[in-house]
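Inspection log for the structure reproduced underneath, given as structure tokens.
Coordinate-derived values only; no laboratory data. What you are looking at is a predicted structure, and each value in this text was computed from that prediction instead of being measured. Every residue, glycine as well, gets a Cβ built from its backbone with ideal geometry; the counts of neighbours run over all protein chains shown.
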Amino acid sequence: MSELLQLAEQVLTRAREKNVSIITAESCTAGQLAALLSQAPGAADHLHGGFITYTKENKTKSLGVSAELLRRKGAVCREVAVAMAQGALTRSPADVAVAITGVAGPEPDEDGNPVGLVCIAVAREGHEPFEFEHRYGNIGRKEVCARAMTDALTQLVAVIETIPVRSLAPSFPLP
């Protein structure tokens, strides 16, 4: 079993233990993170799916990322990763959202960002989002995506760990 799949299984195990659900918002990984999470046991109960927002236009239209932010900062920055995660959270029933935006290569992006620059954010309702930036370098498209997913899953586990266990009982009175 691959390290990535093991991490995905760990994420879903923690999500099951805490009774929380997940949504992804992906750019450079183009849905690979959601696809990976969907392979792990428990995915049907804790993964709502994902947004693939490869273009700036789709980041704005699908996730509500400010066009002004994208013009000013470009698509690959911490602020855009946070906006993507928050947009996914507000546009889904999920409890936690993870976003990845970056330049997988083989060339720099239209804003001049270098290959290997990746920003990741994890958001949950009522809390400050966690965001970070990595500069993996020009190590190849597949490897940039693999490292981005590894880092996103690792941070997702850490955020889920901070969530109190939610009751599995219905929130309405039974007759």
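Numerical summary
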{"quantity": "Region 3-161: Lys pairs at Cα distance under 26 angstrom, eight or more positions apart or on different chains", "calculated": "6"}
{"quantity": "Spin-label pair ALA67/ALA35, simplified geometry with 7 Å Cα→Cβ offset, distance in nm", "calculated": "3.1"}
{"quantity": "Most mobile listed residue (ALA152, ALA88, ALA30) in the chain, GNM with C-alpha springs under 10 Å", "calculated": "ALA30"}
{"quantity": "Inter-probe distance in nm under a simple model that places probes 7 Å from Cα toward Cβ, at THR154 and PHE132", "calculated": "0.6"}
{"quantity": "Pairwise FRET efficiency - THR13 versus ARG166, Cβ, R0 = 22 Å, nearest 0.05", "calculated": "0.90"}
{"quantity": "Over 21 Å [Cα-Cα, region 1-86], rounded percent", "calculated": "37"}
{"quantity": "Exposure proxy ranking, count of Cβ atoms within 10 Å, fewest first, for ASP45, ASP111, ASP95", "calculated": "ASP45, ASP111, ASP95"}
{"quantity": "Extended-chain gain in nm, criterion 0.36 nm per residue less alpha-carbon gap, LEU5 and SER21", "calculated": "4.0 nm"}
{"quantity": "Whole-Å distance, taken between Cα centres, linking region 8-82 and region 84-112", "calculated": "6"}
{"quantity": "P(r) tail fraction, the chain - alpha-carbon pairs more than 20 Å apart, %", "calculated": "48"}
